[in-house]
Amino acid sequence: MATYLFLSDEWLDEARAIRAEFDTKGATIDHSIRMNLVIASVPFGEGTVHAHVDTSTGELVLDVGHIDPVDLKVSLDYDVAKAILVEGNPQAGIQAFMSGKIKVEGDIAKLMALQSISPDPTTAEIAVRILAITE
């Protein structure tokens with residue numbers, strides 16, 4: 001199986017294709033958050049990726065570009081973003097936040113609430129598949 005750098009164009013295309021294979025209509029996230037991400041130290045391109053996470057429709061959307069309006073903006077480095085968003089390692093996020101490697105502007109309570117959500121089986125399967133394609 002081919003693997004791609006997290007957030008590279010190839011990775012985004014493959015992650016979108018994986019999500020498209022699943023019927024996620026019944027899989028909803030009860031916690032609404034609109035969050036912009038500034039991901040630094042990216043090992044390709046210009047070194048920074050602007051992305052967003054949006055669950056306001058009940059579905060988890062992670063994509064490039066910023067959205068408006070947002071509840072918060074999070075700045076973090078590539079390795080921490082990958083650990084949290086792909087590897088599902090909330091401990092990495094807590095450690096990075098405590099050591100000042102994550103900067104949050106806005107409603108931090110919404111971010112903290114997002115960490116307590118357990119994925120449904122469909123979302124968990126999508127996450128496993130996306131992890132498998134990630135370098």
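The values are calculated or read from the model by the stated rules, or taken from the named source; none is laboratory data. Small disclaimer: the values here were computed from a predicted structure and weren't measured. Because the Cβ atoms are built from the backbone with ideal geometry, glycine has one as well, and the counts that use them run over all protein chains shown.
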Aromatic (Phe, Trp, Tyr), closer than 26 Å to Val128 by Cβ and surrounded by 16 or more Cβ atoms within 10 Å (Cβ to Cβ): is that true of Phe6 in this structure?
yes
Across (1) touching a residue at least 24 places away in the same chain (Cβ under 8 Å); (2) surrounded by 14 or more Cβ atoms within 10 Å (Cβ to Cβ); (3) within 17 Å of Val80 (Cα to Cα), Glu125 clears everything bar (3)
Strands (runs of 3 or more DSSP E) completely within region 42-135 that count 3 or more residues being over 14 Å from the mean Cα position of the chain (by Cα):
103-106
Could you check, for region 5-16, whether at least one of its residues is in contact with a helix residue (DSSP H, G or I) (Cβ under 7 Å, 6 or more places away or on another chain), without any contact (Cβ under 8 Å) to a residue 60 or more places away in the chain, outside any loop (DSSP other than H, G, I, E, B) and not polar (S, T, N, Q)?
no
So if I check each of Val104, Val64, Val38, Val70, which one is within 27 Å of Glu125 (Cα to Cα), surrounded by 14 or more Cβ atoms within 10 Å (Cβ to Cβ) and not basic (Lys, Arg)?
Val38
The residue that is farthest from Ile117 (Cα to Cα), considering only those in region 14-59 that are of a type in the set (Asp, Glu) and modelled with pLDDT under 95, is Glu46
